[in-house]
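> Let me begin by handing over the structure; questions about it come next.
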Amino acid sequence: MSSLLAAAADPLGPSGAVRWVWLAVAFPLAGFLVNGALALRRPQAKTAVSLVGTGVVLAAFVVAVAVYLQLRASPPEGTGPFVVELWRWIPSGPLDVRFAFQVDQLSVVMLLIVTGVGSLIHLFSVGYMHADPGYARFFSYLNLFIVFMLVLVLGSSLPVTFVGWEGVGLCSYLLIGFWFSEETNANAGKKAFLVNRIGDFGVLLAMFMLWWSLRALDYVTIAERAPVRLIAGGGFVTAVTLFLFLGCVGKSAQIPLYVWLPDAMAGPTPVSALIHAATMVTAGVYLVARTNILFSMAPVASAIVAGIGALTALFAATIGLRQYDIKRVLAYSTISQLGYMFLAVGTGAYVAGIFHLATHAFFKALLFLGAGSVIHAMHHAYHSTGAHEDAQDMRNMGGLRRQLPWTFALMAIATLAIAGVPPLSGFFSKDEILAAVFGRGQSQPFWLVFWVMGLLTAFLTAFYMMRLLALTFLGDNRTGAREREHVHEAPWIMTGPLLLLGVLSVAGGFLNLPAFLGGREGLAHWLEPGFAVASRTVPVATPEGSAEWIVLGAAIAMALGGLYLGWRLTLAKPIPPAREAQPESGFARVLFRKYYVDEIYQALLVRPLVGLSRWVLWKGVDQGLIDGAGANGSAALVRGLGWLGSKLQSGQLGAYLVIFLVGALLLLFPLTR
Amino acid sequence: MAQLLSGLGYRQWILHALLLVPLLGVVPILLGRPAAAKRTALVVSLVEFVLSLGLWWALDTSPGTLQLNFSVPWIPAWGISYAVGIDAISMTMVLLTTLLMPLCVLGSWSYIKTRERGYYALLLTLLTGILGVFVATDLFLFYVFWEVMLIPMYFIIGIWGGRNRLYAAIKFFLFTLAGSLLMLLAIIVFAWKVYGATGTLSFAYAHLLEHREAAGSLAPWLFAAFGLAFAIKVPVFPLHTWLPDAHVEAPTAGSVLLASVLLKLGTYGFIRFAVPFFPGVALAPPVSALVVALAVIGIVYGALVAMVQPDIKKLVAYSSVSHLGFVMLGIWAATTQSLQGALMVMIGHGFSTGALFFLVGMLYERRHTREIAAFGGIAKVVPVFSLIFTVVALSSIGLPGLNGFIGEFLVLLGSFRVHPWATGIATTGVIFAAAYLLWALQRIIFNRLDKPENESLGDLNRRELLVMLPLLAGIVWLGLYPAPVLRRIEPAAVVYVRTVRGDYDAMRLSALAPERRR
């Protein structure tokens, strides 16, 4: 505590609200502790849980706004950002890791998104989770997630970021497996943690390499020393960035480590909205942006980042075409959109990447919460009539626009936003990415391939999102006559946050309205200090003149075409409810089964490893070779001594102690002389 | 605090008191009623803990060398002394031991129902033996304590152990004895060689260290003998097979002490004796490559074999093989960070694995089985147990913010410069550790509560909470604010690196920059 106060009073350090930034972490931490205690002692005190659980996140949002205003009013002088030091964490020789927060333009953007969208999702959860017996436990986990997410974005060094990085993974694990009595849920949580750990292995190695080459792990010093001590384009910096990117691939669900995210939909829907759409999964994009100086020195690694991003965007979008679970469609959509963000940062268009991260947080949170509202209504209906149907299967929905008009209207807005229809938010951010990729393609034609992949993805995105909308809200209702009576809108505490997210999804594009449309490029100017060095090394080329309009026109054409076809093809023929549906065939089946990637991983990696461990290492080496052969050689010895032991083992404690004391005395005897 | 302690003359008597108090405590236990034994043992071990706490303030850790040295001839004719001393490395181990001992007594409270007097008497004797090993600065005295500690443990496993206790006890005894007899031989030969070179027959640690060159051509053999004794204790792959048997059969407190403290005697032996005495052998490329390879194999192999164990206790036992591999890697990389990391793993493993064994014991007391398959979904009926189990498992996995991370991170970071490839493979240990523990966690506390026997499990009682809370506090404290510990052990780590590595300064300065070489 004294070090906290010292940090707050440090005359040379940051001033005003910035030095109190740790409160944004402390409030949710207190919420976690209170709700955790309530979960163990008073799980029925739901009012207290609601007030504490949402109150602390709102408080953190207030802190975030204050920090933002302060930073806007008086940005840090010189080059370095504000660093608020809390305590010495790992001192070891020259390695001296401080537990410190870095407040700069980038981390403040993330701070606002996490606490802002986080607050709305906490509010929504009050309604969505209210009947759940684990209500208090849910909010304690959700608060803990906010704590770790803020440590992740505020961390001033890789190790501190890593605390948040693994911490959000833990919360993700706990929340995916929230209803742990179902084995599939517990499995999904474990899978998420393990796949993420594969990525974390890369982050650790990157840290080791950076430490021994730069003698620093904090971002400020890394940015200072990397250009001086590392050779741009060299193998070393390429390896470092690729190891970092491995972590991002795990956390942000990119090829080949994306497999955990669709399964993560086993968690409650607000969790999917908060963790698996708006915030945690974007941490990989954030990390690349945070270490942009390193990536700008590694063109090969950057191209790989962009390529993986483009490939993932396209690949996940094709799977999204053929899913029937409403949340799974959104999960693959998230993977695909994250691919766009990596395409952006890999191209060096960091602002575009962060821009899309922000708009995606708005419209994808809206889509998930809207889906949650639908599932809530479906679940309620099935529960009322005692039917055992899948409340998430879109084949069981249809025509819900009549029962859920607000949800329909808001999800329609979000669908248009993600599809990239102007002037909604997704249009601007996606266009900025595609423009930057096209611009790079003018000097490096290879990038045009990525641009085409991005365009195709845009088409597929519009298609599967329209399909989702059509299956859920349009056409005839397939819920069942009795159930239909019970489908109705959720309470205001759930629709209220949806409404706010709807406003953000519409207007979010004005964060960074491009100049040629008369905008001020606010986000670009705001983020400029953090990306200045990198954008000098790898300038973002945007197409000029007619090329600019071609890129724009192509994107709009893709969006509108996808929407139209998605609507027409989905509703072209009658859709049977899930239990009457024919199994898929042909390529549709391959898509429905997600290219069998899970099965392939299971057969090629998981089962061989468990088999190797059980049959070769344990039964073979340990019991067979070491114990068996080792014991065979010394079997006689063991038997002989065993006999001796059994003689000594008379069972008389007194005898043992006598033997022992006699021995001890014999040794002590000389001391008495 | 330091003034208060010096007013009491604390620095003069503390080491002797620590060795004597447990032995004195044996007397009332043996003379008293059987039912009173555990209370007496608790009081004695608490007194011991409180006494030892003063070391935290009284010890000047800044020089990094042995402090509070005291020596009096014991068998003058053979140059054997009763000599003790302590530095920050042994201090952390002493404090870990004295903290765990009252918890072990509490943890045995309802577990041990037969021959209580003998059990608690042996437990206290074991305490003296362990502390003796950590503070002895005469090699012969060290050997005596090494054996003193072996015998009570043998009986604890052999008498109060599980079904297969005799087999496990003898296996434990034989493995350890085989190593330690060789070590005794090596100690005598080494002292004899130094006697030949200096004309002074002495088993004093400082004396032998100063004249370590006298070992001459025998150095490889001497190192091998020391190394084998310690490697069995650690245990280094493939000498580890006594460990799962001993752990599974030992009563809870026995398992806790085995894992948390006794294994560390092996790594402590390497740090204090084997490597500093014979650095030319230990760090020579072929030997170093062999040890590092075995350490890395231990990390990965231990984790993979742990993953497929049907018995929780065996799972935890194999996880120790994996964790101790990190310690070996850190010792052999011999950088400040890697050695501080190794020490942090030794401390952290003491907390988290000790806690795991306590928790497994608590499950065993309720269900009389350790089969993972016998549980499932118990988070619903025992939420406090499940919460604590989860936190402890996460610390063992190395989640940053809890204690396990600090040690592993420092070991791997520190070793990367010296053994990049081995460290790279060792780092995969973080993946496998998550695999075996999360899988076990899922099968025990998550999934469906489908066994009727588990529906009436009782949650932790006050005594059990009292056992777990200090460990939990340590787990969080060492994860969030390890600086006080790291600052204390840093000088000793630097001394170790200087002692074993001539090119210390070169190591400090040369940065990893492969491009430069082109």
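> Going by what's in this entry, would A:VAL109 be described as under 28 Å from B:ASN403 (Cβ atoms) and more than 14 Å from every other protein chain (Cβ to nearest Cβ)?
no
> Considering only the range B:82-98, I want to know if a residue exists there that is surrounded by 23 or more Cβ atoms within 10 Å (Cβ to Cβ), on the phi < 0 side of the Ramachandran plot and among the charged types (D, E, K, R).
Yes - at least one qualifying residue is present in the range B:82-98.
> If I filter the range B:29-43 for residues that are assigned to a strand (DSSP E or B), within 14 Å of chain A (Cβ to nearest Cβ) and not aromatic (Phe, Trp, Tyr), do I get at least one hit?
So far as the range B:29-43 goes, no, none of its residues is assigned to a strand (DSSP E or B), within 14 Å of chain A (Cβ to nearest Cβ) and not aromatic (Phe, Trp, Tyr).
> Restricted to the range A:243-259, and to residues that are touching a residue at least 60 places away in the same chain (Cβ under 8 Å) and either crowded, with 24+ Cβ neighbours inside 10 Å or among the acidic types (Asp, Glu) (or both), which residue is farthest from A:ILE375 (Cα to Cα)?
A:PHE245
> Might you check whether a residue that is closer than 23 Å to A:PRO577 by Cβ and either out of contact with any Cys (no Cβ under 6 Å at 6 or more places or on another chain) or not in a helix (DSSP H, G or I) (or both) occurs anywhere in the range A:430-440?
No, every residue in the range A:430-440 fails to be closer than 23 Å to A:PRO577 by Cβ and either out of contact with any Cys (no Cβ under 6 Å at 6 or more places or on another chain) or not in a helix (DSSP H, G or I) (or both).
The rows are residues; the columns are (1) touching a strand residue (DSSP E or B) at 6+ places or on another chain (Cβ under 7 Å); (2) among the hydroxyl-bearing types (Ser, Thr, Tyr); (3) under 28 Å from A:PRO574 (Cα atoms); (4) at pLDDT 90 or above.
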residue: A:PRO405; (1), (2), (3), (4): no, no, yes, yes
residue: A:ALA435; (1), (2), (3), (4): no, no, no, yes
residue: A:LEU460; (1), (2), (3), (4): no, no, yes, yes
residue: A:MET466; (1), (2), (3), (4): no, no, yes, yes
residue: A:LEU469; (1), (2), (3), (4): no, no, yes, yes
residue: A:THR472; (1), (2), (3), (4): no, yes, yes, yes
residue: A:ARG484; (1), (2), (3), (4): no, no, yes, no
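> Restricting attention to the range A:156-196, report how many residues are over 24 Å from A:LEU29 (Cβ atoms), assigned to a helix (DSSP H, G or I), charged (D, E, K, R) and at the interface with chain B (Cβ under 8 Å from one of its Cβ atoms).
Result for the range A:156-196: 2.
> Taking only the range B:127-154 into account, find how many residues are part of a helix (DSSP H, G or I) and either more than 20 Å from the chain's Cα centre (by Cα) or basic (Lys, Arg) (or both). Write out each step before concluding.
Pass one, the range B:127-154, residues part of a helix (DSSP H, G or I): B:127-135, B:139-154.
Then keep just the ones that are either more than 20 Å from the chain's Cα centre (by Cα) or basic (Lys, Arg) (or both); that gives B:140.
Selection size over the range B:127-154: 1.
> Then there is this: Of everything in the range A:130-155, what is outside any helix (DSSP H, G or I) and surrounded by 23 or more Cβ atoms within 10 Å (Cβ to Cβ)? Give them in sequence order.
The one that is outside any helix (DSSP H, G or I) and surrounded by 23 or more Cβ atoms within 10 Å (Cβ to Cβ): A:GLY155.
> Identify the single condition in (1) within 14 Å of another protein chain (Cβ to nearest Cβ); (2) buried (at least 19 other Cβ atoms within 10 Å of the Cβ); (3) touching a strand residue (DSSP E or B) at 6+ places or on another chain (Cβ under 7 Å) that A:SER92 does not satisfy, given that it satisfies every other one.
Result: A:SER92 passes all but (3).
> Could you count how many residues in the range A:461-501 are of a type outside the set (Gly, Ala, Ser) and assigned to a loop (DSSP other than H, G, I, E, B)?
11
> If you scan the range A:230-248, which residues turn out to be over 20 Å from B:PRO420 (Cα atoms) and away from chain B (no Cβ under 14 Å)?
The one that is over 20 Å from B:PRO420 (Cα atoms) and away from chain B (no Cβ under 14 Å): A:CYS248.
> Would it be correct to say that B:VAL72 is within 13 Å of chain A (Cβ to nearest Cβ), under 21 Å from B:LYS264 (Cβ atoms), surrounded by fewer than 22 Cβ atoms within 10 Å (Cβ to Cβ) and at pLDDT below 95?
Criteria not met by B:VAL72.
> Against the condition within 7 Å of another protein chain (Cβ to nearest Cβ), at pLDDT 80 or above and within 60 Å of the chain's Cα centre (by Cα), how does A:VAL610 come out, does it pass?
Yes: the conditions hold for A:VAL610.
> Any residue in the range A:397-410 that's assigned to a helix (DSSP H, G or I): show its pairings with residues that are buried (at least 22 other Cβ atoms within 10 Å of the Cβ) at Cβ separation under 6 Å, as long as the two are six or more apart or on different chains.
From the range A:397-410, the pairs are A:THR407/A:GLY370; A:THR407/A:SER373; A:PHE408/A:PHE473; A:LEU410/A:GLY370; A:LEU410/A:LEU498; A:LEU410/A:GLY502.
> Within the set of pairs 6 or more residues apart or between chains, which connect a residue that is under 27 Å from A:ARG328 (Cβ atoms) inside the range A:591-619 to a residue that is among the basic types (Lys, Arg) and assigned to a loop (DSSP other than H, G, I, E, B) with Cβ atoms less than 8 Å apart?
A:LEU591/A:ARG322; A:PHE592/A:ARG322; A:GLU599/A:ARG593
> Give just the number: which of (1) farther than 26 Å from B:HIS349 by Cβ; (2) hydroxyl-bearing (Ser, Thr, Tyr); (3) assigned to a helix (DSSP H, G or I) does B:TYR82 not satisfy?
Every listed condition holds for B:TYR82 apart from (3).
> With the checklist (1) under 24 Å from A:HIS488 (Cα atoms); (2) part of a helix (DSSP H, G or I); (3) touching a Phe, Trp or Tyr at 6+ places or on another chain (Cβ under 8 Å) in hand, flag the one item A:THR359 doesn't pass.
All conditions pass for A:THR359, except number (1).
> Here are the criteria: (1) more than 25 Å from the chain's Cα centre (by Cα); (2) of a type outside the set (Asp, Glu); (3) modelled with pLDDT of 90 or more. Tell me which single one A:GLY93 does not satisfy.
(3)
> Would a scan of the range A:211-220 turn up a residue that is more than 10 Å from chain B (Cβ to nearest Cβ), farther than 25 Å from B:GLY377 by Cβ and assigned to a strand (DSSP E or B)?
Scanning the range A:211-220, I find at least one residue that is more than 10 Å from chain B (Cβ to nearest Cβ), farther than 25 Å from B:GLY377 by Cβ and assigned to a strand (DSSP E or B), so the answer is yes.
> Right, something else. Under 7 Å by Cβ, and 6 or more places apart or on different chains, what pairs join a residue from the range A:68-79 that is modelled with pLDDT under 80 with one that is outside any loop (DSSP other than H, G, I, E, B)?
Here the result reads A:PRO76/A:PHE82, each pair linking the range A:68-79 to a residue that is outside any loop (DSSP other than H, G, I, E, B).
> Could you tell me which numbered condition A:LEU142 fails, if it satisfies all but one of (1) touching a residue at least 24 places away in the same chain (Cβ under 8 Å); (2) out of contact with any His (no Cβ under 7 Å at 6 or more places or on another chain)?
In the conditions (1) touching a residue at least 24 places away in the same chain (Cβ under 8 Å); (2) out of contact with any His (no Cβ under 7 Å at 6 or more places or on another chain), A:LEU142 misses (2) alone.
> Among the helices (runs of 4 or more DSSP H) confined wholly to the range A:237-349, which include 1 or more residues that are more than 20 Å from A:ALA532 (Cα to Cα)?
A:260-263, A:269-273, A:283-290, A:299-320, A:326-347
> While we're looking at this one, here's another question. Go over the candidates B:ALA333, B:ALA374, B:ALA393 one by one and state the one that is under 23 Å from A:LEU95 (Cβ atoms), more than 10 Å from chain A (Cβ to nearest Cβ) and not basic (Lys, Arg).
B:ALA333
> Sticking with this one: If we scan the range B:305-314, do we find a residue that is assigned to a helix (DSSP H, G or I), in contact with a helix residue (DSSP H, G or I) (Cβ under 8 Å, 6 or more places away or on another chain) and over 27 Å from A:VAL621 (Cα atoms)?
So in the range B:305-314, the residues assigned to a helix (DSSP H, G or I) come out as B:305-307, B:312-314.
From what's left, in contact with a helix residue (DSSP H, G or I) (Cβ under 8 Å, 6 or more places away or on another chain): B:305-307, B:312-314.
In the following step, the residues that additionally are over 27 Å from A:VAL621 (Cα atoms) were identified as none.
Within the range B:305-314, none of the residues are assigned to a helix (DSSP H, G or I), in contact with a helix residue (DSSP H, G or I) (Cβ under 8 Å, 6 or more places away or on another chain) and over 27 Å from A:VAL621 (Cα atoms).
Conditions (1) touching a residue at least 12 places away in the same chain (Cβ under 8 Å); (2) facing chain A (nearest Cβ under 9 Å), marked per residue:
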position	(1), (2)
B:GLY424	no, yes
B:ILE431	no, yes
B:GLN442	no, yes
B:PRO452	no, no
B:GLU455	yes, no
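> Residue under question is B:LEU4, and the condition is that it be without any contact (Cβ under 8 Å) to a residue 40 or more places away in the chain and not in a loop (DSSP other than H, G, I, E, B); does it hold?
Here the answer is yes, as B:LEU4 does meet what is asked.
> Considering only residues of the range A:61-114 that are touching a Leu at 6+ places or on another chain (Cβ under 8 Å), assigned to a strand (DSSP E or B) and of a type in the set (Val, Ile, Thr), which is nearest to A:LEU523 (Cα to Cα)?
A:VAL103
The values are calculated or read from the model by the stated rules, or taken from the named source; none is laboratory data. The shown structure was predicted, so the numbers you read here are calculated from the model rather than taken from an experiment. Positions of Cβ are backbone-derived with ideal geometry, glycine not excepted, and every protein chain shown enters the neighbour counts.
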